[in-house]
1. Inside the range 65-84, can you point out the residues that are touching a strand residue (DSSP E or B) at 6+ places or on another chain (Cβ under 7 Å) and charged (D, E, K, R)?
2. Does Leu26 satisfy the condition of being more than 30 Å from Leu173 (Cβ to Cβ), free of Cβ contacts under 8 Å to residues at least 40 places away in the same chain and of a type in the set (A, V, I, L, M)?
3. What do you reckon, is Gln62 touching a strand residue (DSSP E or B) at 6+ places or on another chain (Cβ under 7 Å), at pLDDT 95 or above, of a type outside the set (Phe, Trp, Tyr) and more than 20 Å from Ile151 (Cβ to Cβ)?
4. Could you list, ordered by first residue, the pairs with Cβ atoms under 6 Å in which the first is in the range 71-96 and touching a residue at least 24 places away in the same chain (Cβ under 8 Å) and the second is of a type in the set (D, E, K, R), at least 6 apart or interchain?
5. Go through the range 91-119 and count every residue that is modelled with pLDDT of 85 or more and open to solvent by less than 40 Å² (accessible area, probe 1.4 Å).
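The values are calculated or read from the model by the stated rules, or taken from the named source; none is laboratory data. Because the structure is a prediction, the values reported are computed rather than measured. Please note: Cβ atoms are built from the backbone with ideal geometry, for glycine as well, and neighbour counts cover all protein chains shown. Please note that ligands, DNA and RNA were not included when accessible areas were found on the heavy atoms of the full protein model with its side chains. Shrake-Rupley method; radii C 1.70, N 1.55, O 1.52, S 1.80 Å.
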Amino acid sequence: MEVESVMVTGANRGIGLEFVKQLVKLPKPPRIVFATYRNESSVQDLKDIQEKCKETQIILIQIDISKMSDIESAKNIVDEKVGEKGLNLLINNAGVSKDLGFPEITEENMLFHFTTNTVGPVMVLKVMLPLLQKSAAQKTSGMNVSRAAVINISSLMGSITELTDAHPKDDILGYRTSKVT
């Protein structure tokens, strides 16, 4: 896999942070990794990677993917750095979870989850699409991540096969429902 630039949403912890760690360890790592986070207080691990990394420029971007203005601002930062080369890879990983089960579930809780976990990744893709298209136009052969690609991270928690008598997990109904789509 040879990629010039990668954007990872929700890169400050969990799977997103692991993506950043693994990307910079590749034999031929990306030139630029845009690592997004929601809260400033949660970026120390990314800053540590940023300081140690020699071959890849790690650019930290604060973004709440439920806010179009944040997504647009992030696009401007990415566009300024990648220019005509565009963005090779978008990893939509950001998500939220607030525990609330049934019958206590509220409309507010459901909308909170859908806005970030379902609508957010689509809006990030929509805004970043022109940058992905620029990258894809640079190479004309085949379909691969060296041109442009999008990876949308979901969760097994959205699977009904994970709902069993032994593990009902009805305390995260909003999260589970937002991950089904």
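1. Keep residues of the range 65-84 that are touching a strand residue (DSSP E or B) at 6+ places or on another chain (Cβ under 7 Å), which gives 74, 77-78, 81-82.
Scanning the range 65-84 gives a single hit, Lys81.
2. Values: more than 30 Å from Leu173 (Cβ to Cβ): yes; free of Cβ contacts under 8 Å to residues at least 40 places away in the same chain: yes; of a type in the set (A, V, I, L, M): yes.
The answer is yes for Leu26.
3. Numbers: touching a strand residue (DSSP E or B) at 6+ places or on another chain (Cβ under 7 Å): yes; at pLDDT 95 or above: yes; of a type outside the set (Phe, Trp, Tyr): yes; more than 20 Å from Ile151 (Cβ to Cβ): yes.
It is true that Gln62 is touching a strand residue (DSSP E or B) at 6+ places or on another chain (Cβ under 7 Å), at pLDDT 95 or above, of a type outside the set (Phe, Trp, Tyr) and more than 20 Å from Ile151 (Cβ to Cβ).
4. Lys85/Glu4; Gly86/Lys134; Asn88/Glu4
5. 11
Residue-wise test of (1) more than 28 Å from Thr177 (Cβ to Cβ); (2) in contact with a Lys or Arg (Cβ under 8 Å, 6 or more places away or on another chain); (3) not β-branched (Val, Ile, Thr).
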residue: Ser5; (1), (2), (3): yes, yes, yes
residue: Gly14; (1), (2), (3): no, no, yes
residue: Leu17; (1), (2), (3): no, no, yes
residue: Lys28; (1), (2), (3): yes, no, yes
residue: Ile59; (1), (2), (3): yes, yes, no
residue: Ile63; (1), (2), (3): no, yes, no
residue: Asp70; (1), (2), (3): no, no, yes
residue: Asn76; (1), (2), (3): yes, no, yes
residue: Ser97; (1), (2), (3): no, no, yes
